[in-house]
1. When you scan region 17-31, do you find a residue that is among the small types (Gly, Ala, Ser) and within 15 Å of the ligand (Cβ to nearest atom), even just one?
2. For region 32-53, give me each residue that is surrounded by fewer than 20 Cβ atoms within 10 Å (Cβ to Cβ), modelled with pLDDT of 95 or more and either more than 9 Å from the ligand (Cβ to nearest atom) or among the charged types (D, E, K, R) (or both).
3. Against the definition (farther than 23 Å from residue 85 by Cβ and either within 13 Å of the ligand (Cβ to nearest atom) or part of a loop (DSSP other than H, G, I, E, B) (or both)), how does residue 322 come out, yes or no?
4. Any idea which of 198, 163, 178 is assigned to a loop (DSSP other than H, G, I, E, B), at positive phi and surrounded by 14 or more Cβ atoms within 10 Å (Cβ to Cβ)?
5. Restricting attention to region 1-31, and to residues there that are in contact with a Gly (Cβ under 7 Å, 6 or more places away or on another chain), under 26 Å from residue 405 (Cβ atoms) and aliphatic (A, V, I, L, M), which single residue is surrounded by the most Cβ atoms within 10 Å (Cβ to Cβ)?
6. For region 142-173: of the residues being aliphatic (A, V, I, L, M) and under 22 Å from the mean Cα position of the chain (by Cα), which is nearest to the ligand (Cβ to nearest atom)?
7. If you check 424, 441, which single one turns out to be on the phi > 0 side of the Ramachandran plot and at pLDDT 95 or above?
Amino acid sequence: MTVVIVGAGPTGLTLACDLARRQVPFRLLDKAPGVFPGSRAKGLQQRTLEVCADLGVLDAVRAGGAPFPEFRLYRGREVLWERSLSEMLGTPELSASVTVPFPDPWLIPQWRTEEILHRRLVELGGQVEWNTEVLAVDQDADSVIAHTANGPIEAAYLVGTDGGHSTVRKAIGVDFIGDAAESERTLIGDVRVRGLNGRYCHILTGGGDVGQRFSLWNLPGSDYYQFVVSLPAEQTPELTLDAVRRLCAQRSGRTDLELFDLRWISLYRLNVRMVDRYRVGRVLLAGDAAHVHSSAGGQGLNTGIQDAYNLGWKLAAAVDGTDPGLLETYAAERMPVAANVLGLSSLLHQQDFRGGSTAPAIHQLDISYRDGPLALDDRADPGTLRAGDRAPDGLLPSGTTLFDAFQGPHHTLLAFDAPTPNLGLPTLTLSPCEGYDVSPGTYVLVRPDGYIGAITENAAVLAQYLRV
Ligand SMILES: Cc1cc2nc3c(=O)[nH]c(=O)nc-3n(C[C@H](O)[C@H](O)[C@H](O)COP(=O)(O)OP(=O)(O)OC[C@H]3O[C@@H](n4cnc5c(N)ncnc54)[C@H](O)[C@@H]3O)c2cc1C
């Protein structure tokens, strides 16, 4: 039986790509007529770039984006300073190393990320059923039914990736717990601009106060800028180009900039909310349907993509009946991550680019499922790398990389100066190396989503873990 995915945003598209390459039958439904045209989330974090590499879309993402530019603060037309993203956020910078192939985040408008994932889905033989709204969901012990305007669709599982206002979440009676900020709103959109030079996040102010800014981000491969402006709740601008022009002039004190060709505009209120369950029976939630928060630190789209990547291989094991219990681990692993992201983005939101204090990293490479139900590490004296951690990249004597070996929907076994057990898995024999501070004789089992499932010196333990 099939899987129904409700919502073809970045989360639903990622899940669909992963299921398509595993030949799991699915239907991906979206009420919209096509890919959303707005730039919305424009930063792919380092861990997401690794997922993109695995899904075969990294080259397209590279071609369609650019490294994050400097932030440039203006007082009127005068440039006061230029700072990097990490300086603005107070987050640590990563240096390039053999274990981290993509040390920098990547600026790319969400419409292009979605187009790239959509193209990949079609290459893999999948498709989106546009103009197909899910109105209600019913389930019993044997199946789940998505009721659409075009009729019912029966499935083994249904995943709600239908965004913050999720119909699926409401249909299964899951609360969205948290708050909406009453004191502020954000106006955001895409517009073309004449009069600005250089590729920056241009922070326009009249008096040099970052808190009173009108930001204009160059969007790579496009002559559009994303404008972002925070407003007090009592200020309700019209969603028109003239209103945006007036706000820009008020905030920047400039009359020499010409804003034109408004392509997308949205006024939204900050919500910090998440669900207390990711699954009810045969229905699961992922992405914004399960958690929403400030865009500060650019975590939203990235967390949705990671949800989907965590879920894909588990859903495949449930659908083909090899390991239905694996699905239980999805919530156990991803709920703590969402809770953390709510806290991190709220902290960065409060700091509001004023710098000063330090913030935790936003690259998502340090997310670990160490405390989760799938992490097995039975060594008496474990090193830095533990089961549950992201498996680092590494160079192989052949000149290829560990990530090349991990690419695809399979588990990979790393045998560190250990004999190859007969587990029916792709196995690499190698010596302890950078990132892998393990003793000779150790096995490291890498899951399909690039996390370490087990570290052990006992091949029989692995066989039991994999149920082979
Ligand atoms: C105005 C705005 C600005 C944002 N800016 C930023 C930013 O600057 N930085 C950042 O990190 N994040 C930002 N975000 C958040 C980011 O865009 C989201 O985290 C990301 O889009 C989540 O992806 P998703 O696939 O989970 O959900 P979505 O992208 O919301 O996709 C949900 C999909 O489900 C479809 N759908 C909804 N209901 C149904 C239904 N009943 N039946 C069928 N289909 C349905 C929708 O049409 C949509 O295609 C912004 C969000 C918004 C709304």
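The values are calculated or read from the model by the stated rules, or taken from the named source; none is laboratory data. In this text, all values refer to a predicted model and were calculated from it rather than measured experimentally. We place every Cβ from the backbone using ideal geometry, glycine too, and count neighbours over all the protein chains shown.
1. no
2. 33, 34
3. yes
4. 163
5. Checked region 1-31; the qualifying residue surrounded by the most Cβ atoms within 10 Å (Cβ to Cβ) is 15.
6. Among those residues, the one meeting the criterion is 168.
7. After applying the criteria, what remains is 441.
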